[in-house]
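**Student:** Below you'll find the structure I mean.
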Amino acid sequence: MATATKFEENEPGKFYVTSACNGCGICFSFAVQNFFYSNDSSYYYISNQPADEREEADIRRAMEVCPTNCIKDDGVPV
Ligand code: SF4
């Protein structure tokens, strides 16, 4: 099985989406400020790192519900 890689479109920062994304869009419904879809709509990525604690909480909620567990936090400060 191929290793999931980080999408290049992710805005640099601690949160990112990997190629394990299935494009379901659930993350976008939880954190519309922070996720956006690819040109062909086949996957989503972090378009904006969180601007405040509320947005960070939204991303963490998206991480909890993401069906493929492909939203990651590498711990590097924004
Ligand atoms: S919830 Fe997860 S699998 Fe679904 S689009 Fe977002 S990152 Fe991809």
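**Student:** Taking 0.36 nm per intervening residue step and subtracting the Cα-Cα distance, what contour gain separates Val32 from Ser19 on full extension?
**Tutor:** Separation in residues times 0.36 nm, less the Cα-Cα distance, equals 2.7 nm.
**Student:** Which shape class, rounded, prolate or oblate, goes with region 35-74 when its Cα gyration tensor gives a ≥ b ≥ c as root eigenvalues, a/c under 1.5 marks rounded, and past that a/b bigger than b/c marks prolate?
**Tutor:** oblate
**Student:** What does the accessible area per residue of the chain come to in Å², with a 1.4 Å probe and no ligands, DNA or RNA counted?
**Tutor:** 62
**Student:** Given the Cα-Cα distance of Lys6 and Ser41 and 0.36 nm per residue of separation, how much length would full extension add, in nm?
**Tutor:** That works out to 10.9 nm of additional length.
**Student:** What part of the accessible area of the chain, given as a whole %, is carbon or sulfur when the probe is 1.4 angstrom?
**Tutor:** So the carbon and sulfur contribution to the accessible surface is 49 percent.
**Student:** Nearest 10 degrees, 0 to 90: what angle lies between the long axis of helix 53-65 and the longest principal axis of the chain (Cα atoms)?
**Tutor:** 30
The values are calculated or read from the model by the stated rules, or taken from the named source; none is laboratory data. Note that the structure is a prediction, hence the values are computed from the model and not measured. These accessible areas exclude ligands, DNA and RNA; they are computed on the full protein's heavy atoms, side chains included. Shrake-Rupley method; radii C 1.70, N 1.55, O 1.52, S 1.80 Å.
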